[in-house]
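Only the coordinates and a few stated rules stand behind these numbers; no lab work does. All figures in this text were calculated on a predicted structure; none of them were measured in a lab. Here the Cβ positions follow ideal geometry from the backbone for every residue, glycine too, while neighbour counts run over all protein chains shown.
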Amino acid sequence: MTLSLVRKTQEAELQGQLARRVYIETMGCQMNVYDSERMAEALGRHAYVTTTDIERADLIVINTCSIRDRVEHKVLSMLGSLRKLKDHNPDLVLCVAGCVAQQVGQGLLARVPHLDLVIGPDQIASLPDLVAGARDRQQRQAATEFVHRKDYAFPELLAPDDGRATSFVTVMKGCNKVCSFCIVPFTRGREVSKPSQQVLDEVRLLVQHGVREVTLLGQNVNSYGKDRKEELDFAQLLRQVAAIDGLWRVRFTTSHPVDCTDALVEAFARVPKLMPFFHLPIQSGSEAVLRGMRRAHGVDDYLQKIEKLRALAPHVALSTDIIVGFPGETDADFQLTLDLLARVRYTSLYAFMYSARPGTTAAQLPDDVPLAVKKARLAQVLALQDQMSQAWLAGFQDQEVEVLFEGRSRAGDSGPNSLLGQLDGPPQVTGRTPQNVPVNVAATDPEALATWPGRLGRVRIDRVHPHSFSGTLLGFVA
Ligand code: 5AD
Ligand code: SF4
């Protein structure tokens, strides 16, 4: 539970209200993580506190993702297993939120008789009222309307007081692209940019409360501002965010190559606080597949942007998304993807097997690449990338890097490399390098877990792991 919510509970209890507990299960992307925090905050103002103990919850929210897989089934089976909690506690309110909620809507209420509430991503601010309706008036409801862009207000971001060093800040919602495989335009609606003044105010607020790094979030942040005439574009917004005193690092995700402007590429060379890590999804190395995906860019124009970036800022680590087994993808198409990966040499990537999403245009195409072939292609992509990632990471052995410390290392709690360290050694504090690689550092003083987060350390890399480093603190920069 965050300190701010603890404080609100105490306030609520002082005012004679009995605090209720909400358990939030978050699936999917960073946008959902962000949305879950806003839900907790909205409910916090109505005397709810978050709990990690689902059995003691008065309200359970499952914040769902529908981008891949058959998550709808996962959500249904999870709801099935919650039935007994509902039987024990008839006051329990069960709510499904997020993209599956948006997509299936009323259908979920019909299929799950003990489900109370279904809310789409646009309804976060109304969640407390909707929950009250479900609780007090026994109203079962699916609230999945998109709010018109003129009336849309981004859920307010409250000051964190949990000591976090890094934070997400949503700068826009929705996506106006028409990638044929993607469900996001259906579940998140059209693009709406958050007014830049609000973004800047939110970042200032975060900084006042100790945040040193922000990641600006959107489905396609590069098209920020296009829906508002007088608004900044994304590269301008980035510069203004970076100009905020007390903020040390800025990142953003995610980007569509078509909207990746020269000004944005140049920012990597000219804005020192912009961290050298760029996630630019390409999806496939085959022109034919990219056309089928309706990506609106080809391989060559994508590579030109990369070349320009590398000429200006060669130290920027690049990552991407790849889909294997898109309808009609031949062995030759797939080979072009492998060729592209070998040519660009990304430092990391996310790879997925294509899965047809209901309602998308690609879902009308025959899903003709057999599952076994999809699996084999996925394995090949990951194996090739592992080699390249490992070679890149190995270059950091014994080097000194700057690390922004965030908190206790989760790898330190459960990772295979740290088992002995955890039994006998000091706790590990985790942070990230500028190029976004996690680094675990053994605490050298007993207060490290309390005092290092939010500080920037110089760290020597002692060991290179498959996706992270471990190192030794040499001193603090700030
Ligand atoms: N099948 C597989 N992968 C998908 N993605 C989006 N939709 C699908 C789908 N239907 C992947 C894309 C996107 C990432 C967020 O998820 O690579 O960039
Ligand atoms: Fe989906 Fe394409 Fe929009 Fe990304 S840019 S969210 S893949 S439609």
### Query
Mean residue ellipticity at 222 nm from the helices of the chain, using -39,500 (n - 2.57) per DSSP H segment of n ≥ 4 over the full residue count, to the nearest 500 deg cm²/dmol?
-11000 deg cm²/dmol
### Message
Suppose we look only past 18 Å in the calculated P(r) of region 3-143. What percent of the Cα-Cα pairs does that tail hold?
### Response
52 percent
### Task
Could you sort 362-369, 175-182, 164-171 so that the peptide with the highest average Cβ count within 10 Å comes first and the rest follow in order?
164-171, 175-182, 362-369
### Query
Computed over the Cα atoms of region 166-394, what is the ratio Rg over Rh, Rh following Kirkwood?
0.98
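For region 166-394, give the share of DSSP beta bridges that are antiparallel, in percent and rounded to the nearest 5; count only bridges with both residues there.
Around 10 percent of the beta bridges assigned by DSSP in region 166-394 are antiparallel ones.
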#### Entry: the chain: Cα Rg divided by the 2.2 N^0.38 Å rule of thumb
1.00
### Query
Of all DSSP beta bridges located in the chain, what percent are antiparallel, nearest 5?
35 percent
### Task
May I ask you to list the residues of region 442-464 whose amide nitrogen lies under 18 Å from a point 7 Å from Cα along the Cα→beta-carbon direction of residue 472?
442-446, 457-464
### Query
Going down the list 150/226; 194/273; 177/375; 226/273; 173/194, which pairs span over 18 Å between their C-alpha atoms?
194/273; 177/375; 226/273
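How much net charge surrounds residue 189 when only the other residues with a Cβ under 9 Å from the Cβ of residue 189 are counted, with Lys and Arg +1 and Asp and Glu -1? Present the calculation step by step, with values, prior to reporting the outcome.
On the way: positive: 149, 173, 188, 190; negative: 122, 191.
Net of charged neighbours comes to +2.
Grab the beta carbon distance between residue 258 and residue 458, set R0 = 51 Å, and tell me the FRET efficiency rounded to 0.05. Don't skip to the answer; put the middle values down first.
Working: r = 39 Å, r/R0 = 0.77.
Rounded to the nearest 0.05, the efficiency is 0.85.
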### Query
What's the center-to-center distance, using Cα atoms, between region 459-478 and region 381-412 in Å?
9 Å
### Task
Provide, for q = 0.12, 0.16, 0.21, 0.22 Å⁻¹, the log10 of I(q)/I(0) from a solvent-free Debye sum over equal Cα point scatterers in region 277-396.
-0.44, -0.76, -1.21, -1.30
### Query
If R0 is 25 Å, what FRET efficiency do you get for residue 312 and residue 243 from their C-beta distance, rounded to 0.05?
0.80
### Query
Going highest first, how would you order 34-41, 270-277 by mean Cβ packing within 10 Å?
34-41, 270-277
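Within 10 Å of each residue's Cβ, count the other Cβ atoms and sort 114, 467 from fewest upward.
On the way: 114 16, 467 13.
Lowest count first: 467, 114.
Rounded, prolate or oblate: which fits region 306-351 when a ≥ b ≥ c are the square roots of the eigenvalues of the alpha-carbon gyration tensor, with rounded for a/c under 1.5 and prolate only if a/b beats b/c? Present the calculation step by step, with values, prior to reporting the outcome.
Details: a/c = 3.22, a/b = 2.23, b/c = 1.44.
Taking the square roots of the gyration eigenvalues as a ≥ b ≥ c, region 306-351 is prolate.
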### Query
Which of the peptides 60-70, 81-91, 302-312, 346-356 is most tightly packed, and how do the rest follow, going by the mean number of other Cβ atoms within 10 Å of each residue?
60-70, 346-356, 302-312, 81-91
### Query
Given labels modelled 7 Å from the Cα in the Cβ direction, how far is it in nm from residue 394 to residue 204?
5.0 nm
### Query
Roughly how many whole Å is it from the C-alpha centroid of region 124-166 to that of region 200-270?
25 Å
### Task
In debye, nearest 20, what is the charge dipole magnitude of the chain about its Cα centre with +1 on Lys and Arg Cβ and -1 on Asp and Glu Cβ, if you could check?
420 debye
### Label-point separation in nm, residue 270 to residue 125, each point 7 Å along Cα→Cβ
3.5 nm
